[in-house]
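The values are calculated or read from the model by the stated rules, or taken from the named source; none is laboratory data. Fair warning: this is a prediction, and the values are worked out from it, not measured in the lab. When we count neighbours, we look across all protein chains shown, and the Cβ atoms used for this are built from the backbone with ideal geometry, even at glycine.
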């Protein structure tokens, strides 16, 4: 009896929650303004470092200390970005129906690049914390993730 009641309660709760969420879901997700996204793209193409520094809102001493760390970080990341671009172009070259071997190769290489990107951040994280503190390092990671998400979107479109 308890199991039937628990199942009925869970079903009712799910039904109610879906009913409450339906209007919000029907309205669709709100996203960033297309013009604002294009402005960010242009800023990143022009001077990614300046965009990151502005996003972090650092004082002068922090900005100076962080800039040195960021330059090394960005150089390591640029090498991986080139690998990722090469890999994507190669995968597109496989055509609409890549073979299992081509797909396996792509996944293996893609995951290796993703792992390497994570290792780059881990490598620089202590230096970033030293330059701008834990909160600044967290803001930097969030900023980097937003930039990477935009780049990934642009890369595949």
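The set of residues in region 94-107 being out of contact with any helix residue (DSSP H, G or I) (no Cβ under 6 Å at 6 or more places or on another chain) and surrounded by 10 or more Cβ atoms within 10 Å (Cβ to Cβ) consists of 98, 99, 102, 103, 104, 105, 107.
Of all residues in region 44-67, those being surrounded by fewer than 16 Cβ atoms within 10 Å (Cβ to Cβ), free of Cβ contacts under 8 Å to residues at least 12 places away in the same chain and in a helix (DSSP H, G or I) number 8. Inside region 82-93, residues that are without any contact (Cβ under 8 Å) to a residue 40 or more places away in the chain and either surrounded by 13 or more Cβ atoms within 10 Å (Cβ to Cβ) or touching a helix residue (DSSP H, G or I) at 6+ places or on another chain (Cβ under 6 Å) (or both) make up a count of 4.
Might you check whether a residue that is under 30 Å from residue 33 (Cα atoms) and either assigned to a helix (DSSP H, G or I) or modelled with pLDDT of 90 or more (or both) occurs anywhere in region 118-127? The answer is yes; a qualifying residue exists.
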